[in-house]
1. Assign one of three labels to the stretch 122-213, namely rounded, prolate or oblate, based on the Cα gyration tensor with a ≥ b ≥ c the square roots of its eigenvalues; rounded applies when a/c is under 1.5, prolate when it is not and a/b is larger than b/c, and oblate otherwise.
2. On a full-extension model of 0.36 nm per residue, what is the gain between ALA108 and TYR317, subtracting their alpha-carbon distance, rounded to one decimal in nm?
3. Using a 1.4 Å probe, how large is the accessible area of MET116, given in Å² and rounded to the nearest 10?
4. Starting from the exponent 0.38 and prefactor 2.2 Å, build the expected Rg for the stretch 13-90 from its residue count and divide its actual Cα Rg by it.
5. Over the stretch 1-134, what lengths in whole Å, largest first, do the semi-axes of the equivalent ellipsoid take, defined as the square roots of 5 times the eigenvalues of the alpha-carbon gyration tensor?
6. Whole-Hz Karplus ³J(HN,Hα) for the stretch 310-326, in order, using 6.51 cos²θ - 1.76 cosθ + 1.60 and θ = phi - 60°, x for Gly and Pro?
7. So for the stretch 176-307, taking the charge dipole from beta-carbon charges (+1 Lys/Arg, -1 Asp/Glu), which of ILE276, PRO300, THR240 sits furthest toward the positive end?
8. Per residue, how much space in cubic angstrom lies within the convex hull of the C-alpha atoms of the stretch 137-291?
Amino acid sequence: YFASPDLVFTGGGSFSRDREDRSSPDDLGGETPTIVYTTSGYGAALAKFGPTSVNLGTTFDRYDFRDVPAPGSFLGFINNDDRDRDIFTAGTRVGYQLNERNEVFTTATYDQRQYMEPVDDGGFNRDSQGVRVAAGFRNRGDTLDTEIYGGWIYQSYVDPEFDEVSALDIGGQFIWRPLAGLSIEGELERRLQEATFEAAPLGSWGVLQTFASLGVYAWARPDLRLNAGVSYYYNIYDGTDRRDQFTEYALGVRKYVAPHLYLGAGYTFIGRDSNIIRESFDQQVAMIRIGRTQDPAYAPTDLYNPNVARPQSAGLYVGMLAGHLAPETKLRGGRGGPPPARGILQADFGDRGFEAGGFV
């Protein structure tokens, strides 16, 4: 709601039923994916006073995890009720416009995480509260828009067995448009996520995740968009020596059959390399989409422009390619007698690496 040109209010809410992805640092590894119901709401106000802008906001998220069969039907169910929780945040961002391109800003956020059950199955109270503070700089150029910031993350837990989390917060993002129809975007961020699984002696109470991504979006024609991206996650589990590294690659194409209507196809590879061998996995996802956009991607007359790229039946061309190679040997099988008395045979041989090439 635009109360005035210098005062804007915004808010919203959502409800979803979803499955917990295997890549979640909080996933307990059930026989089937855990179903989670999420209720969310947010509200914010943005006010401007000359070169100064003040943004006040709050969010609320409620997570309801359903029980899931434990690996092997003879083990029964994993109780997920002690993972149900509410997360409330409130924060502010204060910026000062140095000139029409440059801005300095500070941010401060308070969060409270409260579990429905006061004590979980391991006997721990996982409630916590914390703050994040940071200061940064933003530059809006003609072709490059960048933002960088640095600060601190702090979280304090009710249970005395859990150590406080205190970590450096650093991040930023950029959008670079070197050519018409081409956009290159990057992001760096740190997050403190919940972890509720038990492991000797206390389990983990938090996951400090460092995330970086790089994406390329190119309009080959007014009705054809291509995209490619790579992401990297590094997870540190408090209270344990577990460390996870995620590598994610994505390719996609979107072909508009009308200014508002498109057909899309995409491929994503996700690999988790953990120092806990049983937690490592590869995941490949192929997706086909049919979608409609609110705004038109192009005007019908744009396709008749003589400068629009068109298929060629002959000619010389050169190119380069880059990718990810993951040769592996995997062993799987039982030993020691009939189930459930048999052991588990598992092995992890191979490596991952970058590959590149060219062609004419």
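The values are calculated or read from the model by the stated rules, or taken from the named source; none is laboratory data. From a predicted model like this one, the values you see are computed outputs, not experimental measurements. When we count neighbours, we look across all protein chains shown, and the Cβ atoms used for this are built from the backbone with ideal geometry, even at glycine. When the accessible area is computed, the model is the full protein with side chains, heavy atoms only, and any ligands, DNA or RNA have been set aside. Shrake-Rupley method; radii C 1.70, N 1.55, O 1.52, S 1.80 Å.
1. prolate
2. Between ALA108 and TYR317, full extension yields an extra 70.0 nm.
3. It works out to around 90 Å².
4. For the stretch 13-90, the normalised Cα radius of gyration is 1.58.
5. Ellipsoid half-lengths, sorted descending, are 40, 16, 13 Å.
6. Rounded to whole hertz, the list is 10, x, 10, 8, 7, x, 8, 8, 10, x, 10, 9, 9, x, 10, 10, 9.
7. My answer, from the dipole projection, is PRO300.
8. In the stretch 137-291, the Cα convex hull volume per residue is 143 Å³.
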